[in-house]
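Take a look at the structure below.
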């Protein structure tokens, strides 16, 4: 009876703790209620505008381009916010907070189970799990994952990753020593499903397998084996090495594409990325353990690029090599010492969580949300260090006093960060001051100035930045767009500025910038709002962009430029050249929307047979992932409509005969 009472009390305490966590999280994040959209939101969420029907939902969920998988599970999680788009980013954050609370519950379960199987921590497992959860969910490093609407992808992927890890830990403890082959099969199927769901939410979900391997080898290895020792030895070691082997194989198979991506897409090469990430990983740890509210934010595109000729790179490499060797050595020498096991696990778990986003994959250098799951290892370690201190320090009051102060710093830092996000203009000015070399920070500040009708200030900061950094052509185009949108600039000034864009186009280091604002600028020129800049000038600019080596090697960039050229021909009345260049844009980067537009244009030109042939051809370019169904449904429906119209016209023609 006493055991049942204690269990009931623990359940009640857990519920109270979860309720308190939820209320505190909502209160702190409610400080950001006035927040606005961020740079990746429109590109990934604009499809919500038409996701109010079955076909619209299918197109949105299976039409994602944020990663190789399309991330349909994450995109599905945005459907509840269809009515919040595009005017209510706070509505997105509220749903994201719900996911964060679910993840916090899973973190508590994982921590409690891991601590409760350690003899030394059994009596302290509950409060240690509470502190782990508190540190994890209130870390200021988590703020951007929740307040950037599109980063719900991170939260959803983490949910499936954490629930898979939680299930594995529960299964491992429950079936220790049972020697059940069927249970091994059941567990393997559940883990596989969880990894797939996490993977199709965000690609780093595949790391869940590695998390399980680290848990097994470092924290669960003392438990009796759940199946035959040889079979379990194979399963556990496979879970530890399969992801690194997969990444190695992926790197070898796609090596040419990876190097081309670095050479023609990024402003840094592979060597510089590896050197810089060594330092960034150290910065992440520093920000997690000793947070400074002023250093958090969405803009880190100005992060200094390091190479192997700099002493900082070698210091960082020496630091990580020393840390890894030391913790592995400690674990080998003291495999039964609890704090050593958690220290080793925490360091390796943190590094494992960055195995994809901080190695050779040609992604951007620095994002805070990459630490969303990685913080779990640090959180567990801090709880262990507190527990160990209570055994060592004579006065427990001193330990709890410092824990209280440290916890207060965490909460205060998070509250400061969220309150900054809740004041978009103040946040934009602060981020621009902290990151004066960040093109995104300057563009965001310019946008905020424009919202408050500070047009002159908006143009001024863009122009000043562009004069210093002509390689950031997106800023130059943003300046041009605003100049065209006001009547305060003469045709001569607009023409001179536009020719400056043409001259500086060859200096671009990150070709993606060529597409940022290109459609808006083209629209203004075609509407005649950029007086002094003729359509021929813009067309020559686009043709020059196509001659740039980095553009010639980058089909995604050519896609945008070719479609702008097509729109210019459409505006001038040359429908055939419009179709030709629209097809070039499609071949460079197959898009369902462009396939539909071309078919409809051919239909409008009464070339019904050509329209149907084009639909058949474009279907051969449909992606092989889950988005293929969306292509087939949409284009087949369009083809049937054209076919029915064509047959109706033939019947009418025959009746006239």
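The values are calculated or read from the model by the stated rules, or taken from the named source; none is laboratory data. Owing to the predicted nature of the structure, the values given are computational and were not obtained by experimental measurement. Note: ideal-geometry Cβ built from the backbone for every residue, glycine included; neighbour counts use all protein chains shown.
Quick one: which of 205, 213, 177 is outside any helix (DSSP H, G or I) and out of contact with any strand residue (DSSP E or B) (no Cβ under 9 Å at 6 or more places or on another chain)?
The unique qualifying residue is 177.
Go through (1) crowded, with 22+ Cβ neighbours inside 10 Å; (2) without any contact (Cβ under 8 Å) to a residue 60 or more places away in the chain; (3) under 27 Å from residue 32 (Cβ atoms) one by one and return the number of the condition residue 343 breaks.
Of (1) crowded, with 22+ Cβ neighbours inside 10 Å; (2) without any contact (Cβ under 8 Å) to a residue 60 or more places away in the chain; (3) under 27 Å from residue 32 (Cβ atoms), only one is false for residue 343: (3).
Table: residues versus (1) under 18 Å from the mean Cα position of the chain (by Cα); (2) part of a loop (DSSP other than H, G, I, E, B).
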residue: 14; (1), (2): no, no
residue: 19; (1), (2): no, no
residue: 29; (1), (2): no, no
residue: 35; (1), (2): no, yes
residue: 73; (1), (2): yes, no
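Let's see how each residue does on (1) at pLDDT 80 or above; (2) within 24 Å of residue 59 (Cα to Cα):
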{"site": "619", "(1), (2)": "yes, yes"}
{"site": "625", "(1), (2)": "no, yes"}
{"site": "630", "(1), (2)": "no, yes"}
{"site": "640", "(1), (2)": "yes, yes"}
{"site": "643", "(1), (2)": "yes, yes"}
{"site": "654", "(1), (2)": "no, no"}
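So residue 306 fits all but one of (1) closer than 27 Å to residue 409 by Cβ; (2) modelled with pLDDT of 95 or more; what number is the exception?
If we test residue 306 against (1) closer than 27 Å to residue 409 by Cβ; (2) modelled with pLDDT of 95 or more, just (1) comes out false.
Restricting the search to the stretch 361-380, which residues are over 18 Å from residue 141 (Cα atoms), touching a residue at least 40 places away in the same chain (Cβ under 8 Å) and out of contact with any helix residue (DSSP H, G or I) (no Cβ under 6 Å at 6 or more places or on another chain)?
361
Taking the conditions exactly as written (in contact (Cβ under 8 Å) with a residue 12 or more places away in the chain, over 24 Å from residue 339 (Cα atoms) and assigned by TED's automatic domain parsing to the domain that holds residue 49), does residue 153 satisfy them or not?
yes
Quick check on residue 72: is it in the same structural domain as residue 298 (by TED's automatic domain parsing), within 30 Å of residue 636 (Cα to Cα) and modelled with pLDDT of 85 or more?
Values: in the same structural domain as residue 298 (by TED's automatic domain parsing): yes; within 30 Å of residue 636 (Cα to Cα): yes; modelled with pLDDT of 85 or more: yes.
For residue 72, the condition - in the same structural domain as residue 298 (by TED's automatic domain parsing), within 30 Å of residue 636 (Cα to Cα) and modelled with pLDDT of 85 or more - is met.
Here is a list: 464, 455. Which entry is assigned by TED's automatic domain parsing to the domain that holds residue 533, surrounded by fewer than 19 Cβ atoms within 10 Å (Cβ to Cβ) and over 29 Å from residue 266 (Cβ atoms)? Working first, answer last.
Numbers: 464 fails: over 29 Å from residue 266 (Cβ atoms).
Of 464, 455, the one residue that is assigned by TED's automatic domain parsing to the domain that holds residue 533, surrounded by fewer than 19 Cβ atoms within 10 Å (Cβ to Cβ) and over 29 Å from residue 266 (Cβ atoms) is 455.
Go through (1) at pLDDT 90 or above; (2) farther than 30 Å from residue 508 by Cβ; (3) in contact with a helix residue (DSSP H, G or I) (Cβ under 8 Å, 6 or more places away or on another chain) for residue 204 and report which single condition fails.
If we test residue 204 against (1) at pLDDT 90 or above; (2) farther than 30 Å from residue 508 by Cβ; (3) in contact with a helix residue (DSSP H, G or I) (Cβ under 8 Å, 6 or more places away or on another chain), just (2) comes out false.
If I filter the stretch 259-277 down to residues being part of a helix (DSSP H, G or I) and modelled with pLDDT under 90, which single residue comes out as nearest to residue 508 (Cα to Cα)?
264
Can you name the helices (runs of 4 or more DSSP H) wholly within the stretch 507-584 that have at least 1 residues being modelled with pLDDT of 90 or more and surrounded by fewer than 17 Cβ atoms within 10 Å (Cβ to Cβ)?
It comes to 518-526, 535-547, 555-572.
Among the residues that make up the stretch 296-304, is at least one of them loosely packed, with under 14 Cβ neighbours inside 10 Å and either assigned by TED's automatic domain parsing to the domain that holds residue 383 or closer than 16 Å to residue 378 by Cβ (or both)?
For the stretch 296-304, residues loosely packed, with under 14 Cβ neighbours inside 10 Å and either assigned by TED's automatic domain parsing to the domain that holds residue 383 or closer than 16 Å to residue 378 by Cβ (or both): present.
Yes or no: the stretch 372-395 includes at least one residue that is at pLDDT below 90 and within 29 Å of residue 246 (Cα to Cα).
No: zero hits.
Among the residues of the stretch 252-282, which ones are without any contact (Cβ under 8 Å) to a residue 60 or more places away in the chain and under 16 Å from residue 354 (Cβ atoms)?
275, 278, 279, 282, listed by residue number.
Give me the pairs: first residue in the stretch 13-26 and free of Cβ contacts under 8 Å to residues at least 60 places away in the same chain, second residue in a helix (DSSP H, G or I) and crowded, with 16+ Cβ neighbours inside 10 Å, beta-carbon distance under 8 Å, and six or more apart or on different chains, which are they?
Final answer for the pair search is none.
Hey, can you tell me all the residues within the stretch 235-251 that are in contact (Cβ under 8 Å) with a residue 40 or more places away in the chain and surrounded by 16 or more Cβ atoms within 10 Å (Cβ to Cβ)?
Passing the criteria: 235, 243, 247.
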